[in-house]
Every structure is written in C-alpha cells, then in structure tokens.
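One structure below.
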Amino acid sequence: MNIKSKLEEYIILKKDKVKISSKEIKKNDIFLALNGKNYHGNKFINSSIKNGAKFCITDNKNYTQNEKVIFVKNIYDYLIGLAKIKRDLFKGKIIGITGSAGKTTLKETLAFFLKKDHKISFSKKSYNNKLGVLVSLLNLDLNSSFAIFEIGTNNFGEIKYLTKIVKPNEVFITNIQSTHLENFQTKNNIAREKSNIFILKNNNRRKKIYLNINNKSENIILNRAKKEKNLKIININKPSSKYFIKKILPKKNAYKVYFSINKKIIIFNTNSLIMFRLMNLLFCYAFFSENSLKINSIKERQKYLKPVDGRGLTHNIVINKNKIKVIDESYNANPDTMFQSIEYFVNLKKINSKKILILGNMNELGISSYRMHINLLYYLDNFIFKFVILCGEFFQRSIKKINNPQNEFIYLKDKNKIMKFLNRNIHNDDIILIKCSNSTEINKLAKDLLKKGNLN
C-alpha cells in the first residue's frame with residue numbers, strides 16, 4: 001500500500017482528524033493546505049508537521065519533499081471523492097439542517113439532547129459551506145447512530161450540490177428571512193434554493209422534512225414539499241400539527257411554556273421568549289417523537305441547555321472594576337433576528353438605565369440595506385436605552401434620516417473608539433447586547449471586549 005492509499009484509508013476510518021487551520025493541528029491530524037484569504041496553507045505545512053500532523057495535503061508539488069506531504073491535483077475534487085465514499089459507508093441516520101437563521105443553534109441543541117443516549121457526529125462551528133460540509137463528512141464517526149450537518153448557501157445551486165453529497169435522511173428548514181439578498185434578490189428565491197435540500201431524485205427512500213411555516217416565502221417550500229412522493233412533512237406549531245405551542249404564561253422573571261406533543265402536554269419554565277429558540281426546542285421534540293426516541297430525556301436536560309457562543313451566550317466580565325453582563329449576538333444578523341434580539345433585550349427584567357445596545361451593520365442585504373437599517377432605527381425609538389451605540393456605514397447614513405429620536409444614537413466608527421467610550425461610561429451592573437453580522441467592526445469589538453476579564 002502506497003502512502004496516498006494509507007492517507008485515504010486513514011481519513012475514511014478515523015474521526016475528527018481533518019483540519020483546515022494549522023493552529024488546530026494535534027498529533028496524528030491531517031492538515032489541508034488550502035489557499036486562504038491572506039495566506040496559502042502551504043506556508044504552514046512545516047509547522048503542522050512539527051505539531052504532529054500525520055499527513056498534509058497540498059496541490060503544489062514543490063512542498064512534497066517530506067513523505068508526510070501528499071500532492072493532489074485539486075484538493076476540493078479529491079476531498080469530494082473521499083467524502084462520497086465515507087457517506088456511502090455510513091449506516092446511521094443523516095440529518096440535514098438549512099434555513100436563513102438558527103441552523104447552528106438547532107444543530108447544537110439537537111446534538112445536546114441526542115448525545116445523552118446515542119453516539120453522534122455533528123459539524124463543528126458553523127461549517128455549512130462547500131468546504132465546511134466536506135470536512136464535516138470526512139470527520140464523521142462511522143460508528144455513530146446519528147450525524148447532523150448544517151447545509152448553507154450564499155448563491156444559487158449550492159444547496160442542491162451539497163445535498164447530493166450529504167444525502168440526508170431527514171431535514172429541517174428553520175425559516176426564511178432576509179439574508180443573502182445581495183445574491184438572491186428576494187426571499188422567494190431564498191426559499192426555492194433552501195427547498196432543494198429535500199428533493200428526492202435518485203433516492204426513493206422515505207424522507208422526513210420538519211418545517212415551521214410563517215410567511216409566504218416559507219409557503220413556497222411547503223407547496224414544493226407536497227409535490228414530493230416519498231416525503232413526510234412535519235409542519236410544527238400549527239393547531240392542526242402534532243407539535244405546537246399550546247400557550248405561554250408570564251411567570252415571575254420567566255415564562256411557563258406548554259408544548260402539545262402528540263396530544264400530550266409538556267410544561268417547562270424559561271427566562272427567554274426568543275421565538276426561534278422555542279421553535280428549535282419544538283423541532284427537537286418533534287424529531288424525538290417521529291424517531292421513537294425518549295422524549296423525557298429532552299425535558300430532563302433542557303434546563304442545562306445554553307445558547308451557542310456568538311448567538312446569545314451571556315458572559316460576565318469586568319471593565320474598570322465594574323461587573324457587567326454581555327449578551328453576545330455578534331456572529332450574524334438580519335432584520336428579523338435584529339428585531340427578535342432587541343425585543344428580548346427590552347423585556348429583560350432590568351431597568352432601562354442599565355441597558356446598553358451596540359449594533360453593527362447587517363450585511364448582504366443588497367439594494368435594501370439602507371432602507372432596512374433606517375427601519376431598524378425607527379423600531380428602536382419605541383424603547384429607551386442607557387446608550388445606543390452604532391457602527392458601520394449603513395447606520396452612519398441612516399442616523400441622518402431620524403428626526404428627534406428618543407434615544408441618542410451614538411455613532412462611533414471603529415472598535416477602539418467604542419472601547420474608549422465604554423471605559424468612560426460603563427457602570428457596575430450594566431448589561432450590554434451586541435448584535436451584528438459576522439466580519440464587522442462590532443464583531444471584532446465583541447471578541448476584544450470578552451477578553452477584558454471573563455468571569456464565567
């Protein structure tokens with residue numbers, strides 16, 4: 001057996017070994033020397049080997065002097081071939097998750113409940129693009145009973161392409177919102193793209209799709225699903241559904257939620273009324289019920305469930321000896337999630353004079369960007385905050401259109417200026433909500449701020 005064949009056998013049989021970042025390389029890992037935004041991965045081959053890499057894969061023959069470095073003509077094509085082999089060898093159930101928002105949260109939530117009684121594999125971080133899905137498949141544990149994959153898209157055709165490789169048995173579409181409008185133009189186009197995750201061509205096996213239909217665009221998905229012959233549709237949170245929210249009652253510092261699950265009532269308390277998180281929980285109950293799994297294991301564990309980092313996780317930190325809370329929603333943002341997060345923040349049992357809102361641009365909204373940022377500012381003016389700090393070109397332009405706001409909208413152009421402002425104006429027991437699209441100045445601020453003194 002030659003060295004390349006040993007590499008292929010190793011990838012197929014092992015789990016959690018394929019890495020795209022040299023910083024994550026540990027003993028016996030495999031490093032993919034890919035062409036990145038700033039550097040080609042070839043630059044880090046030597047350091048990866050020093051850190052214990054068993055193999056490095058490159059598309060440049062000049063780096064193959066070391067026997068651990070394997071040359072392939074096209075890394076992506078090579079990985080696709082191996083990923084398809086590994087998928088065909090997997091005998092467990094593959095779950096695919098797509099949607100405009102909530103993919104990672106649902107994946108992490110479902111994995112949290114499943115891993116109590118089952119061996120599972122799931123994609124790390126937000127690995128939902130072409131490369132991320134391939135790496136997740138290659139890192140799949142073949143002995144798992146369930147494997148969960150996020151399947152995302154930034155452009156037409158990506159969902160169909162990835163679905164052909166992943167071949168999910170059951171799929172979730174969380175929602176359709178105003179994301180990636182720069183490429184898709186309309187929410188209806190987004191819905192059509194997302195619906196490609198359940199197309200059954202060349203796969204006659206029975207599948208299930210879990211939906212939550214709340215708008216016209218999401219109805220496009222439902223209508224398309226109804227045309228598929230071997231597809232069972234589980235549409236949650238409708239009075240006619242087997243799975244819906246029966247009622248929500250306010251309780252001291254919390255809410256009492258009543259889920260109807262196959263005509264049985266599940267009751268629990270929560271301090272958060274962010275609807276997409278409740279829907280994700282309902283999705284999990286539906287999945288467990290449809291697969292004859294122990295529903296009680298969800299109820300037993302859900303009090304230990306925490307938000308995902310960058311998607312609502314609360315951090316306790318210290319700034320200038322002042323103990324404050326930071327709700328980190330800095331991973332992503334669109335108009336829908338902005339409104340939901342702000343509503344949640346407003347309803348927190350905390351006096352308004354303690355609440356600081358820090359918002360960054362909502363990106364990839366195309367020609368609607370300017371209008372959607374203005375609309376958000378109008379919405380914000382229904383409430384009073386200690387400070388509303390804004391950053392990003394769209395907010396800078398939008399502020400000028402708001403006459404006599406109740407809040408003083410403070411525009412600061414970069415994270416350093418915001419940090420200086422906070423250092424001067426923060427007080428003990430303040431609570432901050434940070435919300436923005438990824439790769440914005442506010443996203444960088446969140447990372448810097450949480451380094452100031454995390455007490456968790």
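Looking at this model, which pairs from Lys323/Lys415; Lys130/Lys160; Lys73/Lys107 are more than 23 angstrom apart at the alpha-carbon? Going by Cα-Cα distance, Lys73/Lys107 fall outside the 23 Å limit. With helices as the sole contributors, the chain gives -10000 deg cm²/dmol at 222 nm; each DSSP H run of n ≥ 4 counts as -39500 (n - 2.57), and the sum is divided by every residue. Placing R0 at 45 angstrom, the Cβ-Cβ distance between Glu290 and Lys27 gives a FRET efficiency of 0.65 after rounding to 0.05.
Sites listed here are trypsin sites (Lys or Arg not before Pro) in the range 44-113 whose DSSP assignment is loop and whose Cβ has at most 10 other Cβ atoms within 10 Å: Lys73, Lys91.
Taking 0.36 nm per residue of separation and subtracting the current Cα-Cα distance, fully stretching the chain between Ile3 and Leu313 would add 107.2 nm. Which log10 I(q)/I(0) values, to two decimals, does the range 18-123 give at q = 0.21 Å⁻¹ under the Debye formula with one point per Cα? Log-scaled intensity ratios, in q order: -1.08.
With a threshold of 30 Å on the Cα-Cα distance, the over-threshold entries among Lys256/Lys420; Lys251/Lys435; Lys19/Lys115 are Lys256/Lys420. When the convex hull of its Cα atoms is viewed from all sides, the range 80-304 shows a mean projected area of 12.3 nm². For the range 313-450, the calculated P(r), taken from all Cα-Cα distances in 10 Å bins from zero up to the bin holding the longest distance, is 12, 48, 35, 5, 0 percent. Each of Tyr10, Tyr344 was scored by other Cβ atoms within 10 Å of its Cβ. Arranged with the fewest first, they read Tyr10, Tyr344.
Geometric descriptor of the range 3-73, per residue, is 84 Å³ (volume of the convex hull of the Cα atoms). For the range 392-456, the normalised intensity computed at q = 0.16, 0.17 Å⁻¹ comes to -0.65, -0.72 (log10 of I(q)/I(0), Debye sum over alpha carbons, equal scatterers, no solvent). Listed by chain and number, the aspartates and glutamates whose alpha-carbon sits under 19 Å from that of Lys6, ignoring those within fewer than 8 places in the same chain, are Asp16, Asp29, Asp59, Glu67, Asp77, Asp141. The length gained on full extension between Lys50 and Val72, counted as 0.36 nm times the residue separation minus their Cα-Cα distance, comes to 5.8 nm. For the range 26-94, the list of chymotrypsin sites (Phe, Trp or Tyr not before Pro) that fall in a loop by DSSP and count at most 11 other C-beta atoms within 10 angstrom reads Tyr39. Restricting attention to the range 171-243, lysine pairs at least eight places apart or on different chains and with alpha-carbon atoms under 19 angstrom apart total 29. Provide the FRET efficiency to the nearest 0.05 for the Ser297-Lys252 pair, computing r from the beta carbons and using R0 = 30 Å. The computed FRET efficiency comes out at 0.60. Of the trypsin sites (Lys or Arg not before Pro) found in the range 326-388, the ones in coil according to DSSP and having at most 11 other Cβ atoms within 10 Å of their Cβ are Lys349. Footprinting exposure proxy ranking of Glu329, Glu441, fewest other C-beta atoms within 10 angstrom first, gives Glu441, Glu329. Shown is the FRET efficiency for Lys264 and Asn214, computed with R0 = 22 Å from the Cβ-Cβ distance and rounded to the nearest 0.05: 0.35.
Residue-normalised convex hull volume from the C-alpha trace of the range 154-275: 130 Å³ per residue. By the combined test of axial Cα extent (at least 20 Å) and Kyte-Doolittle hydropathy (mean at least 0.5), the qualifying DSSP H helices of the chain come to 275-290. Here the label points at Ile12 and Asn129, each 7 Å from Cα along the C-beta direction, are separated by 3.0 nm in the simple model. Across the alpha-carbon set of the range 99-177, the Rg to Rh ratio works out to 0.94, Rh being the Kirkwood radius. Both numbers refer to the Cα atoms of the chain; Rg and Dmax are 23.4, 75 Å. A straight chain from Asn230 to Lys43 at 0.36 nm per residue would run longer than the Cα-Cα distance by 62.4 nm.
Read-outs throughout are calculated quantities, based only on the coordinates presented, and are distinct from any laboratory measurement. Model, not experiment: these values are computed from the prediction. Every residue, glycine as well, gets a Cβ built from its backbone with ideal geometry; the counts of neighbours run over all protein chains shown.
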